[in-house]
Structure formats: structure tokens, C-alpha cells
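Remarks on the structure that follows.
The values are calculated or read from the model by the stated rules, or taken from the named source; none is laboratory data. Everything numeric in this text was worked out from a predicted model, so none of it was measured. Here the Cβ positions follow ideal geometry from the backbone for every residue, glycine too, while neighbour counts run over all protein chains shown. To get the accessible areas, we keep the full protein, side chains included, count just its heavy atoms, and leave off ligands, DNA and RNA. Shrake-Rupley method; radii C 1.70, N 1.55, O 1.52, S 1.80 Å.
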Amino acid sequence: MKLFRTAFGATLLVACLGQPASAATQNVIFNGTITPTCTLVIATNGTMTVSPDLQTLSSHNSGGSAGTVTLTTTGGVSLSVDPVTATTVPSADTTSTTWTPTYSSAGAHSIVETGSATAISTPGADLVSVHLAGTKGGSNRFANGNYQATVTLRCE
Amino acid sequence: MTPFRTLATALAVGLIPAAAAAQSMSPMRGEVNSFTDVFAVRVFPANPYDQKIKIEIHVYDQDFQPVDARISPAAFQLGAQASRPVLVVVPFGGAAERKVRICTESIPFPNQQTQIRAQICGKFFGHRKS
């Protein structure tokens, strides 16, 4: 009987050798969707200086500086500036001024200075420079005093 | 809030992003189905700065004309690196569908010669179901 049990056990063990373990496996699926996203962080505001002929007040002039904004995006957005509507001028300035906002970008996206909307299709981070220029025509000149204007930089 | 508006708000829940930290506003795209004369969108403006800023929410149509939407809250202070939900309820105005822009605006550094206003606008499309 003992011999029979030993032989039976050994036979069963041999029969089980080489058989794959029947463990079940399942895949766990992860999904993620990122919609177009944009972050604008204003680093510095701009400074305008007047030209020698007193007909241009601009961040491009000597001593002036652009405003800088960091842009971080997933892509699928567009960048633009609005026409300037809110300005403060000294009381001595009674003539009209044409304000022209522009921007350029360096970094993941190179945008040559423009005033038009730019589509950004790829992700990345950029440093956007925002410029503003005010010009007067004819014999009009900028006056002594404080000027202030607001440029709206939009990402949508 | 009426049951219908509650339903419209519930439909907007599908627009809630998975994470809104350090974004100026999310989501920036969305479509909403509504069975009422309004549709609702919940957006999450965020303050990516290390200082408190004032944020205003505005709603515009496709031509950037203001839309008479109900915004709760329309203006508020937001702490550094913080985000909060804002509920925007937009009327269809008799139309079957309406496209609007919901914009987050902030002016963190006042009293400079050339101020820059950062504006993040999302585009949202409301469909009125009958």
C-alpha cells in the first residue's frame, strides 16, 4: 500500500510538471484628456518714452521697455492683443493719439512682432514681449505729463 | 434655483477639469446641452502668481460684445496659487444654440505706465434641447 501511494504521488507530480499556472490577468486602462489650456503670467509692465520729434510715445524708443509675459500652453489656442481703449493722458494733451499694441514671442514658439492674432498649435512655454506705441500726426506733439495705457493680451 | 437650472448646472458638471491648479482658467472649451432657456458652465479661474490678485469674470459673444449672463461670483480676490469655481449661467436669448466666450481677467501690478491685462478666454457652445 505504501509503495502504491508513493508511486501514485510520483505519477501525479510528473503529470503536473510543465503545466502552466492558471492565473487570470486583466489590463487596467488609464485615460486622460487635456483640453486646450493657457496660462499667462505678467512678469513686467512696459515703459514708453517719447521720440526726439515728440510725435511718438513708444516702448520701442530709446529708454523704453516692453512688458513681458510668460505664456505656457498645451497648444490649440490663439494669442492676440486688443485695441487700446483705456488711456490716461495729461490735461495739456488735447490732440488725438493713435495707439498700436503689438507683441512678439520667443521660446517654444517664435512669433515675429505683430498686432494680429497668432494660432499656437503646439505645447510649450514662451516669453511674450508686449509693445505699445502712440503716434500723433501733423503738427501735434505729446505734452508734458503722465501717460498711461492698458494693453489686453488674450489667450483663447 | 429651479429644477431646470439645477439640471443645466448638472450638465455643466461634465466640464469640470481633473485638476485646475496653476491654470489661469480651465476648462477653455466646452459644449453644454440644456433643456431650459439658459445653460450653465462652471469654470475654475486660477492665480498662478505668488501674490493675491483681483480677478474678474466677463462673458462675451463671438464679436466680443458683453453677454447678460449671471456670474457667481463676477469679481473676487484670489490668493497665491489658488483656484476657485465660478458658475456662469448664460441665457439662450431665444436661440437654439449660443456660442460665448468666458474670460478671466486680472491686473496684478497696477500703477505702471503701460499696464498689461492678461485675459484668458474659453469658448463654450450651448445647445438648447427641446
Could you tell me the distance between the Cα centroids of region A:76-111 and region B:18-79, to the nearest Å? 24 Å
For chain A, the longest principal axis of the Cα atoms and the Cα long axis of helix A:2-16 enclose an angle in degrees, to the nearest 10, of 30 degrees
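Loop-only trypsin sites (Lys or Arg not before Pro) in region B:17-97, please: DSSP not H, G, I, E or B, and at most 14 other Cβ atoms within 10 Å. Walk me through the numbers on the way to the answer.
Working: sites: B:29, B:42, B:52, B:54, B:70; in loops: B:52.
Of the trypsin sites (Lys or Arg not before Pro), the ones in loops of region B:17-97 whose Cβ has at most 14 other Cβ atoms within 10 Å are B:52.
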In nanometres, what is the gap between the two model label sites at residue A:23 and residue A:96, each 7 Å from Cα along Cα-to-Cβ? 8.0 nm
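Hey, any idea what Rg/Rh is for region A:114-156, computing Rh the Kirkwood way over Cα pairs?
Radius of gyration relative to Kirkwood radius: 1.11.
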On a full-extension model of 0.36 nm per residue, what is the gain between residue A:86 and residue A:117, subtracting their alpha-carbon distance, rounded to one decimal in nm? 9.1 nm
Expressed in square angstrom to the nearest 10, the accessible area of residue A:54 with a 1.4 Å probe stands at 70 Å²
How large is ³J(HN,Hα), in whole Hz, for each residue of region B:117-124 in order, when computed from phi with the Karplus curve 6.51 cos²θ - 1.76 cosθ + 1.60 and θ = phi - 60°, using x for Gly and Pro? 9, 7, 10, 10, 10, x, 9, 10
Using the Cα centre of chain A as the reference point, and only Cβ charges (+1 on K/R, -1 on D/E), how large is the resulting charge dipole? Debye, rounded to the nearest 20. 880 debye
Surface/4 estimate of mean projected area, convex hull on alpha-carbon atoms of region B:36-130, nm²: 6.5 nm²
Given the DSSP H assignment, sum -39500 (n - 2.57) over each helix run of at least 4 residues in chain A and divide by its residue total; what's the result at 222 nm in deg cm²/dmol, nearest 500? -3000 deg cm²/dmol
So how exposed is residue B:58, as accessible area in Å² (1.4 Å probe, rounded to 10)? 60 Å²
What does region A:12-156 give for Rg and for Dmax, in Å, if only its C-alpha atoms count? 27.6, 110
